[in-house]
Amino acid sequence: MNMEKAEGTSTESTTHVPVKGEAYIKSQYLTTKDAFHEFVDSKWKSSGVKGKSEDTKEDAEVAPVKEPEVKKPKLDQEETNKSEKPDKKQWRGQNKSRPHTKHTAYDEKRLCLSLIKDNQECQYGEKCHFYHDVAEYMKNKPADIGDKCYLYDTFGKCHYAFACRFAKAHTNPDFTMIEKADLVKAFEGRILVKNSLSKDLQIRLRKRLVKFPKSEEYLKALAKQKEKTEQPKNGKEFEPLAVQQTSTESETQLNVEKQAEVKTIGPLMDTDIIKLRPCEKKSVDFKDKLYLAPLTTCGTLPFRRVCKRFGADITCGEMAMCTNLLQGQQSEWALMKRHESEDVFGVQLEGCFPDTMTKCAELINNNVEVDFVDINSGCPIDLVYKKGGGCGLMTRTRKFEQIIRGMNYALDVPLTVKIRTGVQEKCTIAHKLIPEFKQWGISMITLHGRSREQRYTKLADWDYISSCAELASPVPLYGNGDILSYEDAMRARETGVSGIMIARGALIKPWIFTEIKESRHWDISSGERLDILRDFTNYGLEHWGSDTRGVERTRSFMLEWLSFMCRYIPVGLLERVPQKINERPPYYMGRDYLESLMASQNVGDWIRISEMLLGPVPTNFNFLPKHKANAYK
């Protein structure tokens with residue numbers, strides 16, 4: 001054990017009494033807030049770790065911590081004085097008014113793309129605003145981060161050429177690029193990342209030239225059904241009683257017609273009469289798998305690759321808005337990307353209307369390589385819920401049915417759904433929806449054991465998940481909520497669920513998948529945790545680029561992840577194993593300096609960790625985490 005911890009340990013720590021909701025840590029590691037930060041700051045200054053200058057470092061540490069005030073309408077002086085009291089609600093959940101700096105702001109002047117791509121002639125000529133002199137660009141370019149380039153060492157060639165922040169590793173003194181011919185040949189023609197949006201498809205989507213024959217067919221049948229159901233209201237004043245008595249029979253008949261509508265124009269083919277049955281669709285074995293949840297902001301492709309390395313069986317892209325996908329937005333289509341290591345991969349869609357969701361399903365079916373499509377019916381944020389999407393779909397069963405039937409009609413892969421227990425805390429409705437899902441054609445259900453109102457303030461209700469799993473059989477049902485150790489996973493499996501979905505547990509410790517599969521508590525060292533972050537950094541440079549933009553994008557996603565990872569308490573420090581997800585870690589000294597640094601809840605310390613892997617942050621760098629923890633209350 002490193003004796004450095006003893007220097008920062010306070011004698012007051014031995015008298016520490018754990019408060020309610022706080023994790024139990026061995027008394028010799030406990031300390032006070034002031035002693036902890038004094039130790040971390042002093043050791044950082046004397047450690048010799050290369051970072052930015054002291055002046056700019058202080059700016060980066062202090063500026064991001066303070067959250068900007070929300071814009072308020074002008075009020076009278078008396079009302080203004082009354083509203084000076086701080087609102088506690090604004091410190092919970094997401095930071096909606098956090099500062100956001102675009103990654104393009106970190107480049108003062110870039111090298112022209114024509115020089116990066118094999119020294120082609122610039123098509124803009126004198127009108128081009130970028131550098132055309134490589135020597136001048138290299139002189140004004142920010143200093144290199146390191147001597148080795150991950151892209152060059154892995155693929156034999158760095159596509160970012162002189163713009164790479166590790167350019168010295170693959171650049172000659174005469175400004176020519178170096179390549180490793182054997183590695184270049186090995187990766188020639190190999191597609192590592194699939195599902196990219198082509199320029200042709202993007203243009204056609206923006207010009208609304210993409211055809212949706214299956215969706216149009218389904219929506220026409222839906223319109224006919226609506227006309228027939230509304231006809232008695234708009235017809236004669238007195239309708240025969242027989243019409244009302246046979247409403248159930250006619251509804252059933254319309255549902256059959258909706259699923260198998262026969263075309264009457266042109267030659268009649270077998271495919272017009274005999275539709276693809278659910279059993280003939282591509283099947284996915286959902287039995288007893290570990291499912292990495294679709295995590296907004298943090299569930300990026302590099303993070304999913306890290307989780308795959310540790311044993312995640314199923315991965316899913318971040319929640320994508322169907323309207324943005326139909327408009328050809330590049331940022332939304334980036335959520336569809338799939339790495340070759342993701343053997344069972346799905347995408348999650350959010351929407352609240354049958355027409356857009358059905359068309360989006362058909363678009364994905366024809367242009368994206370996925371194993372399943374998931375409907376998000378559990379998102380609790382106001383932006384989604386107030387439009388009728390996310391959790392809002394659970395209370396709009398008629399629209400929900402139309403969406404599911406339409407997407408099933410357009411897809412050749414299984415359709416799954418993720419739901420919560422309900423919207424209100426004391427009014428569960430998931431058990432009412434599950435039998436309907438079985439009739440509508442859902443292939444798998446994921447149930448998060450909390451309502452929208454609860455968010456993360458209370459423990460997940462696994463007893464309710466267990467009763468819903470029995471109700472869902474034979475359709476597989478996955479349980480989700482509060483899984484942070486293999487013991488939690490074992491208890492979850494005893495409830496009868498088909499599998500387990502892990503969300504925050506994977507963010508706090510991505511090696512949880514290994515722990516579950518090997519049934520052990522892994523007392524992982526701080527060096528191993530730093531290696532995990534280094535792997536994420538390398539995957540990020542590969543995915544977002546090794547130029548300044550790519551480096552800062554990788555850094556921002558790493559910092560978002562560190563806002564969760566800092567909640568992990570090493571197994572060797574715990575008085576009571578395992579750590580519970582709702583237990584807040586007290587201030588403690590790690591067994592070495594790095595372990596203490598990783599335990600810090602301060603944004604400035606997360607920036608220090610990023611500087612160990614990605615070099616100094618730019619002078620205009622600013623960061624405030626998107627998520628604030630309210631899960632301990």
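The values are calculated or read from the model by the stated rules, or taken from the named source; none is laboratory data. None of these values were measured; they are calculated from a predicted model. In this analysis, Cβ positions are derived from the backbone assuming ideal geometry, glycine residues included, and neighbour counts consider all displayed protein chains. Protein only, heavy atoms only, side chains kept; ligands, DNA and RNA dropped before computing areas. Shrake-Rupley method; radii C 1.70, N 1.55, O 1.52, S 1.80 Å.
Would you call Pro173 open to solvent by 70 Å² or more (accessible area, probe 1.4 Å) and out of contact with any helix residue (DSSP H, G or I) (no Cβ under 6 Å at 6 or more places or on another chain)?
Values: open to solvent by 70 Å² or more (accessible area, probe 1.4 Å): yes; out of contact with any helix residue (DSSP H, G or I) (no Cβ under 6 Å at 6 or more places or on another chain): yes.
So Pro173 passes the test.
Which is touching a residue at least 60 places away in the same chain (Cβ under 8 Å) and within 21 Å of Trp440 (Cβ to Cβ), of Lys359, Lys289, Lys337?
On inspection, the qualifying residue turns out to be Lys359.
Could you go through segment 210-219 and let me know if any residue there is more than 30 Å from Ser341 (Cβ to Cβ), open to solvent by less than 30 Å² (accessible area, probe 1.4 Å) and among the small types (Gly, Ala, Ser).
Scanning segment 210-219 turns up at least one residue that is more than 30 Å from Ser341 (Cβ to Cβ), open to solvent by less than 30 Å² (accessible area, probe 1.4 Å) and among the small types (Gly, Ala, Ser).
Out of all the residues in segment 153-160, is one or more without any contact (Cβ under 8 Å) to a residue 40 or more places away in the chain and under 23 Å from Val370 (Cβ atoms)?
no
So which residues in segment 358-410 are assigned to a strand (DSSP E or B) and open to solvent by less than 10 Å² (accessible area, probe 1.4 Å)?
Selection gives Phe372, Val373, Asp374, Ile375, Ser377.
Tally up the residues in segment 580-597 that are closer than 17 Å to Arg504 by Cα and in contact with a helix residue (DSSP H, G or I) (Cβ under 8 Å, 6 or more places away or on another chain), please. Quick ask: steps written out before the conclusion?
At the first step, the residues of segment 580-597 found to be closer than 17 Å to Arg504 by Cα are 580-585.
Narrowing the set further to residues that are in contact with a helix residue (DSSP H, G or I) (Cβ under 8 Å, 6 or more places away or on another chain) leaves 581.
Result for segment 580-597: 1.
Name the one entry in Lys157, Lys139, Lys96 that is of a type in the set (D, E, K, R), at pLDDT below 90 and not in a helix (DSSP H, G or I).
Lys96
Quick check on my filter: what residues within segment 307-316 are buried (at least 21 other Cβ atoms within 10 Å of the Cβ) and hydrophobic (A, V, I, L, M, F, W, C)?
Those that are buried (at least 21 other Cβ atoms within 10 Å of the Cβ) and hydrophobic (A, V, I, L, M, F, W, C): Cys307, Ala312, Ile314, Cys316.
Can you tell me which residues in segment 438-462 are open to solvent by 50 Å² or more (accessible area, probe 1.4 Å) and in contact with a Gly (Cβ under 6 Å, 6 or more places away or on another chain)?
Listed by number, the list holds a single entry, Asp461.
What helices (runs of 4 or more DSSP H) lie completely within segment 463-559 and have 3 or more residues being open to solvent by 10 Å² or more (accessible area, probe 1.4 Å) and of a type outside the set (A, V, I, L, M)?
In segment 463-559, 486-493, 512-518, 526-544 are the helices (runs of 4 or more DSSP H) which contain 3 or more residues that are open to solvent by 10 Å² or more (accessible area, probe 1.4 Å) and of a type outside the set (A, V, I, L, M).
I need the full set of residues from segment 389-413 which are closer than 14 Å to Leu349 by Cβ and in contact with a Lys or Arg (Cβ under 6 Å, 6 or more places away or on another chain), in order please.
Ala410, Val413
For segment 593-606, state whether one or more residues are buried (at least 23 other Cβ atoms within 10 Å of the Cβ), touching a Phe, Trp or Tyr at 6+ places or on another chain (Cβ under 9 Å) and of a type in the set (Val, Ile, Thr).
no
Collect the residues in segment 362-387 that are in contact with a Pro (Cβ under 9 Å, 6 or more places away or on another chain), touching a residue at least 60 places away in the same chain (Cβ under 8 Å) and within 23 Å of Glu401 (Cβ to Cβ), keeping them in residue-number order.
Glu362, Phe372, Asp374, Asn376
So which residues in segment 605-622 are modelled with pLDDT under 90 and either among the polar types (S, T, N, Q) or not in a loop (DSSP other than H, G, I, E, B) (or both)?
Within segment 605-622, Thr619, Asn620, Asn622 meet the criteria.
Any idea which of (1) crowded, with 19+ Cβ neighbours inside 10 Å; (2) at pLDDT 85 or above; (3) out of contact with any His (no Cβ under 9 Å at 6 or more places or on another chain) is the one Leu151 doesn't satisfy?
In the conditions (1) crowded, with 19+ Cβ neighbours inside 10 Å; (2) at pLDDT 85 or above; (3) out of contact with any His (no Cβ under 9 Å at 6 or more places or on another chain), Leu151 misses (3) alone.
Which condition breaks for Ser215 when tested against (1) closer than 30 Å to Tyr137 by Cβ; (2) in contact with a helix residue (DSSP H, G or I) (Cβ under 6 Å, 6 or more places away or on another chain)?
The single condition Ser215 does not satisfy is (1).
Restricted to segment 324-355, and to residues that are surrounded by fewer than 19 Cβ atoms within 10 Å (Cβ to Cβ) and polar (S, T, N, Q), which residue is nearest to Lys211 (Cα to Cα)?
The qualifying residue nearest to Lys211 (Cα to Cα) is Gln327.
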